[in-house]
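These notes are about the structure you will find just below.
The values are calculated or read from the model by the stated rules, or taken from the named source; none is laboratory data. The structure presented is a predicted model; accordingly, all values stated were derived computationally and were not measured. Every residue, glycine as well, gets a Cβ built from its backbone with ideal geometry; the counts of neighbours run over all protein chains shown.
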C-alpha cells in the first residue's frame with residue numbers, strides 16, 4: 001500500500017468532515033462527496049495487490065483478484081450518488097423557501113436543551 005494513497009484518503013476524509021460541519025448546504029454537499037471518494041479509495045486500497053481476473057476454471061484462486069472490494073466500492077458510489085441527489089433536493093428547497101442555503105438552528109431543539117439545562 002502506497003503512502004501517497006493513505007495521505008490522499010486521510011486528506012479527503014479530513015476536508016470532507018470539515019466541510020460537513022459548515023452551515024452552508026453547498027459545503028455540506030461537497031463534504032459528503034469527498035467522503036464518498038475517500039470511502040471508494042479506501043475500499044479499493046483494502047483490496048490488496050492486483051491479480052488475475054476471478055473467472056472460474058481459468059485462474060488459480062490464490063492468483064485471482066478479490067472481487068468483494070470492487071463490489072463494495074460500486075455500492076459506495078451508488079450510495080454516495082443517492083445521498084448527493086437528496087442533499088441537492090434539500091438545497092434547492094431551502095433556496096426556494098428562504099433565498100439562501102444556510103442551515104438554521106432548530107428552535108424546538110434549542111427549547112428542549114434549555115428545559116433540560118434548567
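Among the residues of region 76-118, how many are under 22 Å from residue 35 (Cβ atoms) and modelled with pLDDT of 85 or more? Going through region 76-118 one residue at a time, the tally reaches 18.
Which residue, of 45, 13, is at pLDDT 95 or above and over 19 Å from residue 91 (Cα atoms)? Even if it seems obvious, please write down each step before you answer.
Values: 45 fails: at pLDDT 95 or above.
None of the others qualify; the one that does is 13.
Quick grid of which residues meet (1) touching a residue at least 40 places away in the same chain (Cβ under 8 Å); (2) closer than 20 Å to residue 71 by Cα:
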{"residue": "21", "(1), (2)": "no, no"}
{"residue": "24", "(1), (2)": "yes, no"}
{"residue": "39", "(1), (2)": "yes, yes"}
{"residue": "42", "(1), (2)": "no, yes"}
{"residue": "45", "(1), (2)": "yes, yes"}
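Checked against (1) out of contact with any helix residue (DSSP H, G or I) (no Cβ under 8 Å at 6 or more places or on another chain); (2) buried (at least 17 other Cβ atoms within 10 Å of the Cβ), residue 3 meets all criteria but (2). Looking across region 25-55, the residues that are loosely packed, with under 15 Cβ neighbours inside 10 Å and in contact with a strand residue (DSSP E or B) (Cβ under 9 Å, 6 or more places away or on another chain) come down to 52, 53, 55.
Every residue in region 49-75 that is in contact with a helix residue (DSSP H, G or I) (Cβ under 6 Å, 6 or more places away or on another chain) and farther than 20 Å from residue 37 by Cβ, please. Break it down into steps so the answer makes sense when it comes.
To start, the set of residues in region 49-75 that are in contact with a helix residue (DSSP H, G or I) (Cβ under 6 Å, 6 or more places away or on another chain) comprises 69, 72-73.
None - no residue of region 49-75 is in contact with a helix residue (DSSP H, G or I) (Cβ under 6 Å, 6 or more places away or on another chain) and farther than 20 Å from residue 37 by Cβ, so the list stays empty.
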